[in-house]
Amino acid sequence: MQENELYAFLKDFRSSLYGHEKFKDDFEELVNNFIVFNKLGEHKVLSLFLMGESGVGKTEVARTIYKCLGGKRKLAKVNFGNYSSEFSLSSLIGSARGYIGSDDGEIFIRVRDTDIGIILIDEFEKSNATLFNYFLDVLESGKIISSLADEIDINGFIIVFTSNISKENFQKTISPELRSRFDYKGLFTLLYDEDKRKFVEFRVKSIVRKFNLEFEDKLDDNLYIDFLAKINVGKFNNMRDLNKKIKKIFVDYVSTFNRYTEIETIEDQKGFMKKVKSYLK
Ligand SMILES: Nc1ncnc2c1ncn2[C@@H]1O[C@H](COP(=O)(O)OP(=O)(O)OP(=O)(O)O)[C@@H](O)[C@H]1O
Ligand SMILES: [Mg+2]
């Protein structure tokens with residue numbers, strides 16, 4: 001990465017993720033150090049372990065890094081919520097030859113299919129000690145090794161681990177060896193109302209943009225101001241709930257329209273609402 005590209009990336013990241021200012025400062029410093037020590041061959045993988053409440057942007061960190069680095073395909077994501085059984089290691093890295101289902105493990109498929117060097121391991125605490133140990137090795141060696149000893153070099157990658165674990169359980173569940181290998185351990189707190197309002201503004205603007213591309217009767221770009229007047233953001237701690245509220249208000253709002261010339265019959269109205277709902281996904 002050139003210096004100006006790095007600058008643009010960090011700036012874009014800052015504005016795309018709302019709130020968590022301390023984390024964003026730390027992240028900037030981590031990335032700057034990582035670039036230096038990775039070049040020296042001393043730091044293979046940058047690992048972040050993010051804990052905290054639901055719906056405040058932990059997973060969003062990985063999505064945002066992917067997007068801000070210009071990802072065009074798919075973020076490499078493995079959800080460890082599905083990896084709690086004793087066979088989970090073979091699902092992750094493939095099973096030994098001759099064994100039924102000796103297919104590629106999920107992490108290999110995901111890393112091969114992506115175009116950016118970032119891996120998201122969601123709900124990390126849901127898996128078990130075997131997988132924790134596997135990651136000890138990954139963070140140390142900068143390689144993911146399959147059960148058939150194929151390897152993918154992930155030198156220079158960022159791995160984001162997310163978890164709903166509490167601080168106390170973090171100490172209990174994750175071994176000290178692994179804990180000490182994470183470059184960053186952070187607790188995500190609830191967002192401030194100011195950040196939630198930014199979220200509302202951004203969401204409404206983006207829905208309006210999609211809507212206006214399709215319909216001739218344009219919605220006002222400042223519609224978000226009405227939404228902010230209708231939503232008490234203080235009542236929402238999970239941004240998924242806030243998003244649902246925005247969708248509901250939007251659907252109610254447009255369903256009162258019959259100024260659209262093409263909406264004359266009930267059928268047309270239904271078709272119109274169906275389209276509207278597809279923008280809200
Ligand atoms: N800080 C934030 N900045 C921007 N968007 C956010 C932020 N927090 C949440 N969101 C939005 O809310 C949605 C849910 O956030 P996210 O998936 O990151 O939650 P999470 O913290 O990983 O929660 P969980 O523990 O339930 O997985 C995201 O898709 C994103 O649109
Ligand atoms: Mg999440």
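The numbers here are math on the coordinates, done by the rules we state, and not lab data. Since the model is a prediction, treat every value here as computed from it, not as a measurement. Don't worry about glycine lacking a Cβ; one is built from the backbone with ideal geometry, like all the others, and counts go over all protein chains shown.
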### Query
By count of other Cβ within 10 Å, fewest leading, how are THR162, THR59 ordered?
THR59, THR162
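Using a 10 Å Cβ count of at most 12 others and DSSP loop calls, identify the longest part of the chain lacking such chymotrypsin sites (Phe, Trp or Tyr not before Pro). Mind dumping the intermediate values first?
Details: sites that count: PHE87, TYR99.
Of all site-free stretches, the longest is 100-281.
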### Message
Suppose we flag GluC sites (Glu not before Pro) only when DSSP calls them loop and at most 15 other Cβ atoms lie within 10 Å. Which is the longest uninterrupted stretch of the chain?
### Response
87-215
## Note on the structure
Residues whose built amide H sits under 5 Å from the amide H of PHE188, excluding neighbours closer than 5 in sequence, are MET51, GLY52, GLU53
### Task
Report the FRET efficiency, 1/(1 + (r/R0)^6), for SER15 and ALA149, where r is their Cβ-Cβ distance and R0 is 30 Å, rounded to 0.05.
0.10
### Summary
With the convex hull built on the alpha-carbon atoms of region 3-188, volume per residue in Å³ sits at 113 Å³
### Task
Please tell me the relative contact order of the chain in percent, rounded to the nearest whole number, where contacts are Cα pairs under 8 Å and at least six residues apart.
22 percent
### Sparse-neighbour loop sites [trypsin sites (Lys or Arg not before Pro); region 18-89; at most 16 other C-beta within 10 Å; DSSP]
LYS72, ARG73, LYS74
### Summary
Surrounding charge for PHE211, neighbours by C-beta under 12 angstrom, Lys/Arg +1, Asp/Glu -1, total +1
### Query
DSSP beta bridges in the chain, what fraction antiparallel, as a percent rounded to 5?
15 percent
#### Entry: Expected 222 nm ellipticity per residue - DSSP helices of 4 or more, -39500 (n - 2.57), all of the chain, to 500
-16000 deg cm²/dmol
### Query
For THR189 and GLN2, what is the calculated FRET efficiency with R₀ set at 30 Å and r taken between the beta-carbons, to the nearest 0.05?
0.30
### Query
Among residues other than THR162 whose Cβ falls under 9 Å from its Cβ, what is the net charge (Lys/Arg +1, Asp/Glu -1)?
-1
## Note on the structure
With +1 on the Cβ of every Lys and Arg and -1 on the Cβ of every Asp and Glu, the dipole magnitude of the chain about its Cα centre, in debye rounded to the nearest 20, is 700 debye
### Task
Tell me which residues come under 5 Å, amide H to amide H, from SER47 once H is placed; ignore anything under 5 positions away on its chain.
ILE159, ASP183, TYR184
